[in-house]
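Here is the structure we will look at.
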Amino acid sequence: MNSTAPAPAKNADIQELQSIASQVRRDIVRMVHGAQSGHPGGSLGCTDFLVALYFNVLRHDAANFTMDGIGEDLFFLSNGHISPVFYSVLARNGYFPINELKTFRRINSRLQGHPTTHEGLPGVRMASGSLGQGLSVGLGAALAKKLNGDPTLVFTLHGDGELQEGQIWEAAMAAAGKKADNLISTVDWNGRQIDGDVDDVMPLGDLRAKWAAFGWDVMEMEGNDMAKVLDGFKEAIGRTGKGKPVMILMRTEMGCGVDFMVGSHEWHGIAPNDAQLAAALQQLPETLGDY
Amino acid sequence: MTSYPVLDKKDTRSGFGAGLLEVGRNDDRIVALCADLTGSLKMDAFAKEFPERFFQVGIAEANMMGMAAGMTVGGLIPYTGTFANFSTGRVYDQIRQSIAYAGKNVKICASHAGLTLGEDGATHQILEDIGLMKMLPGMTVIVPCDYNQTKQATIAVADHEGPVYLRFGRPKWPVFIPADMPFEIGKAQVLSEGTDVSIFACGHLVWKALQAAGELEKQGINAEVVNVHTIKPLDREAVLTSARKTRCVVSCEEHQRNGGLGDSIAQLLARELPTPMEFVAVNDSFGESGTPDELLAKYGLDTPDIVAATLKVLKRK
């Protein structure tokens, strides 16, 4: 099969990215408030990562979405419950109208509680929500790129609690075994999950050593510092093409950007009330215009 | 009745292997994944001829299903191969979310289905897989009846856009479908016309249904034998046309009564054409070790059982 020249990246600078991140965080809390349902904690924690990815790193073409994504870098969200941040970033990139964010989790919406291809939402290439499946999917897509002679990359994002799923480790083994060195996976290492601290629910042990032992090239990254996120992506991309899949262990704070949500598993999956929404929005400048 | 000479005795899984090789030669988008059962699934020839398109994934079926789903994103057409139990029950959520709900073009190819797996026993003899798969929206479910038809089906599913569950088996079995008999997904085949009873069968039991029709003929009963190789989408017209003519129905399958071919036919008839019906299927039990012939006899899936079910349903006309 023929490969095509990769699509261009947007390459927004740090100030732009920080400004976009503020708007995306507003979108997240407003979407979850509007639906009175959803997952703000992990969404806020991964905002800087997804904004940097979609506005600086990825070579992609939001205006001409194709399912096969040939010639484009691909992203798969494995921890699908952080759909608010994914939807906001996609909409703000131009994949679909920004105003559609108000339909999040409502009846007849393309913005389902967890992302899906089922309603044909541009920008989404896989259903996720049931945890542990996205690494296998990303690996399959990465191997397809190799077979297609397509030099672009595949990115995946996972929760740290999600690593308790056995399928993750099946895929971890396979990605190294198949030398998927065009795959960059990231774990949102916030240390929290629904029932509490990951270390209390089911400790993950020495994550760096585990991924390394499975045959991955492992690095760490501060996930809530835009400059460090950009540097981290640059570092990770530099490590591709060397025979190993790349793992970014990304330190984040669940709820980052809203003082009363930060650092607690309590905001994993609940919606703010009117007063909490107002308090949150006061901390998040409106930079691009609310939907 | 129409007679079907035995052309050969071959396993249906070998029909899959032959079909996979042929379709692989015709279309370079075809890739195959296998979970450490390459020999059992007869995928060796494909693996040897197309090593770059064959993915050994080890004993990790959940990951295999996810990888296959991901490969479709790049425009590939993945065929996954493992035993039926590990192709369905073990990986149901992976199929449900990453393949069926996501609408991915994966061909789930499952061998060693049903009691005729034999001596390995109930852990491996899945009898619930047709039901599990047909309940998934958008999933096509195909159960071919012999080597030739399994080869045809393996080739045909490549041109069908969307997820497919293709079920076949282990034992050497009579080959009786002529290689040039047309195969079309979703189109049942009237193998032998009759007027007294409709016997609808799939998989290995199609041959048993033909044998039963021969026995019934000796008793002056004219049975129609219909090969319903596609369970979903069910060929409504074929079922209704035959049932309208004969006014009584027997279903035959190597599967639980719950959730199988008979269940699909009964739902259709209940809605559109209430008709007396009997079910030749496993009745809410697990299997056990034994030879395929012993197991089919013990669990009521053999030729005499189809004859008995027919005589019973004829009294209810």
Among the listed residues B:LEU136, B:LEU76, B:LEU127, which satisfies the condition of being more than 11 Å from every other protein chain (Cβ to nearest Cβ) and surrounded by 24 or more Cβ atoms within 10 Å (Cβ to Cβ)?
B:LEU127
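Of all residues in the range A:206-221, how many are in a helix (DSSP H, G or I) and surrounded by fewer than 20 Cβ atoms within 10 Å (Cβ to Cβ)?
Going through the range A:206-221, the residues in a helix (DSSP H, G or I) turn out to be A:207-213.
Of the ones still in play, those that are also surrounded by fewer than 20 Cβ atoms within 10 Å (Cβ to Cβ) are A:207-210, A:212-213.
The number of residues fulfilling the criteria is 6.
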Residues within the range B:89-116 that are in a helix (DSSP H, G or I), in contact (Cβ under 8 Å) with a residue 60 or more places away in the chain and more than 14 Å from chain A (Cβ to nearest Cβ), tallied:
2
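Check A:GLY140, A:GLY134 and return the single one that is within 13 Å of another protein chain (Cβ to nearest Cβ) and within 28 Å of A:ILE270 (Cβ to Cβ). Working first, answer last.
Values: A:GLY140 fails: within 28 Å of A:ILE270 (Cβ to Cβ).
Criteria check complete, one pass: A:GLY134.
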All but one of (1) part of a helix (DSSP H, G or I); (2) farther than 30 Å from B:ASP180 by Cβ hold for B:GLN149, so report the exception by its number.
(2)
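Report yes if A:SER88 is closer than 19 Å to A:SER130 by Cβ and of a type in the set (Ser, Thr, Tyr), otherwise no.
Judged against the criteria, A:SER88 is not a match.
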Single residue of A:LEU288, A:LEU281 found to be assigned to a helix (DSSP H, G or I) and farther than 18 Å from A:HIS158 by Cα
A:LEU281
So B:GLY58 clears everything in (1) surrounded by fewer than 24 Cβ atoms within 10 Å (Cβ to Cβ); (2) among the small types (Gly, Ala, Ser); (3) part of a helix (DSSP H, G or I) except one condition, right? Which one?
(3)
Is it the case that the range A:102-116 has a residue that's within 12 Å of chain B (Cβ to nearest Cβ), buried (at least 24 other Cβ atoms within 10 Å of the Cβ) and touching a Gly at 6+ places or on another chain (Cβ under 6 Å)?
yes
Matching residues in the range B:215-239 (surrounded by fewer than 17 Cβ atoms within 10 Å (Cβ to Cβ) and either under 13 Å from B:ILE306 (Cβ atoms) or not basic (Lys, Arg) (or both)) number 7
Checking the conditions here, which among A:ALA5, A:ALA21 is of a type in the set (A, V, I, L, M, F, W, C) and closer than 30 Å to B:MET71 by Cα?
A:ALA5
Just to be sure, is A:LEU163 buried (at least 21 other Cβ atoms within 10 Å of the Cβ) and either out of contact with any helix residue (DSSP H, G or I) (no Cβ under 7 Å at 6 or more places or on another chain) or at pLDDT below 95 (or both)?
yes
Do we find a residue being within 14 Å of chain B (Cβ to nearest Cβ) and part of a strand (DSSP E or B) anywhere in the range A:177-200?
yes
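The values are calculated or read from the model by the stated rules, or taken from the named source; none is laboratory data. Everything numeric in this text was worked out from a predicted model, so none of it was measured. Cβ atoms come from the backbone with ideal geometry, glycine included; neighbour counts cover every protein chain shown.
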